[in-house]
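Engineer: Pasting a structure below so you can have a look.
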Amino acid sequence: MIVLTFLIIISVVIIQRLIELYISRKNEIWLLNHGAVEYGHSHYRIILMLHILFFVSTSVEFFLTPQKKFFLIPLIFVLFLQIFRIWLIFSLGKFWNTKIYRIPGSQLINTGLYKYIKHPNYIIVFFEILIIPLIFGLYITSILFTILNIIVISKRLKIENIALKS
């Protein structure tokens with residue numbers, strides 16, 4: 001039963017990420033058609049690899065762990081985070097993207113969580129990477145990828161802050 005639960009949860013999260021990449025690509029076309037400039041192109045592949053390896057590590061650690069575990073509280077927290085993730089995507093509309101784009105001279109979005117927090121998406125991703133593995137007691141993946149994510153996002157935040165000032 002726990003294996004099936006794992007497969008369902010990890011599949012739903014992966015499908016969600018693929019849908020987000022599709023939305024991001026559609027928005028990317030719109031942004032480029034409206035004169036957007038991309039920032040930080042060189043590090044985007046690192047972010048993609050980090051997320052792919054996160055799912056690989058989560059799966060490998062799960063299947064190598066002899067005592068399968070399931071914790072409901074982290075799952076509830078991850079589900080709660082998805083409400084905020086969807087709110088962010090809707091708040092930014094056509095400006096939401098997995099890459100960093102800025103249309104020169106455009107106004108910054110100041111609605112939804114962006115009204116209260118400068119970079120709410122990175123906070124959500126931080127907690128997802130920390131907590132998704134904890135649903136199944138996968139402490140190695142949780143700690144390792146949280147550290148790697150902090151390293152990658154700290155560089156990305158510098159680039160994004162430059163883009164937001166332009």
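A short reminder: the numbers here are calculations on the coordinates, not readings from a lab. Computed from a predicted structure; not experimentally measured. Here the Cβ positions follow ideal geometry from the backbone for every residue, glycine too, while neighbour counts run over all protein chains shown.
Engineer: What are the residues in region 15-60 that are surrounded by 13 or more Cβ atoms within 10 Å (Cβ to Cβ) and among the β-branched types (Val, Ile, Thr), if any?
Structural biologist: Within region 15-60, Ile23, Val37, Ile46, Ile47, Thr58, Val60 qualify.
Engineer: Still on this structure, please answer the following. For Leu130, work out the one condition from (1) surrounded by 13 or more Cβ atoms within 10 Å (Cβ to Cβ); (2) touching a residue at least 60 places away in the same chain (Cβ under 8 Å); (3) of a type outside the set (D, E, K, R) it doesn't fulfil.
Structural biologist: With (1) surrounded by 13 or more Cβ atoms within 10 Å (Cβ to Cβ); (2) touching a residue at least 60 places away in the same chain (Cβ under 8 Å); (3) of a type outside the set (D, E, K, R) applied to Leu130, the lone miss is (2).
Engineer: Taking region 7-42 as the region of interest, how many residues are in a helix (DSSP H, G or I), among the charged types (D, E, K, R) and touching a Lys or Arg at 6+ places or on another chain (Cβ under 8 Å)?
Structural biologist: Qualifying residue count for the region: 1.
Engineer: Scan region 44-54 and give yes if some residue there is of a type in the set (Phe, Trp, Tyr) and under 28 Å from Phe136 (Cβ atoms), otherwise no.
Structural biologist: yes
Engineer: Let me ask you something else. I want to confirm something. Restricting to region 99-144 and keeping residues that are part of a loop (DSSP other than H, G, I, E, B) and closer than 17 Å to Phe6 by Cα, which single residue is nearest to the chain's Cα centre (by Cα)?
Structural biologist: The selected residue is Ile132.
Engineer: Tally up the residues in region 68-84 that are in contact (Cβ under 8 Å) with a residue 40 or more places away in the chain and out of contact with any Ser or Thr (no Cβ under 7 Å at 6 or more places or on another chain), please.
Structural biologist: Qualifying residue count, region 68-84: 10.
Engineer: If the requirement is being among the hydroxyl-bearing types (Ser, Thr, Tyr) and touching a helix residue (DSSP H, G or I) at 6+ places or on another chain (Cβ under 8 Å), which of these qualifies: Tyr116, Tyr139, Tyr44?
Structural biologist: Answer to the selection: Tyr139.
Engineer: Can you name every residue in region 112-166 that is touching a Phe, Trp or Tyr at 6+ places or on another chain (Cβ under 9 Å), among the polar types (S, T, N, Q) and more than 20 Å from Ile52 (Cβ to Cβ)?
Structural biologist: Hit for region 112-166 is Ser166, nothing else.
Engineer: Of Ile109, Ile100, which residue is touching an Asp or Glu at 6+ places or on another chain (Cβ under 8 Å) and closer than 15 Å to Asn161 by Cα?
Structural biologist: Ile100
Engineer: Follow-up question, since we're still on this one. Return the pairs, sorted by first residue and then second, in which the second residue is assigned to a loop (DSSP other than H, G, I, E, B), the first residue lies in region 153-166 and is without any contact (Cβ under 8 Å) to a residue 60 or more places away in the chain, the beta carbons are less than 7 Å apart, and the residues are 6+ apart or on different chains.
Structural biologist: These pairs meet every condition: Leu157/His119.
Engineer: Out of (1) over 30 Å from Pro104 (Cβ atoms); (2) without any contact (Cβ under 8 Å) to a residue 40 or more places away in the chain, what's the single condition that is false for Gln16?
Structural biologist: For Gln16, the failing item is (2).
Engineer: From the list Thr98, Thr146, Thr111, which one is in contact (Cβ under 8 Å) with a residue 24 or more places away in the chain and among the polar types (S, T, N, Q)?
Structural biologist: Exactly one residue qualifies, and that residue is Thr98.
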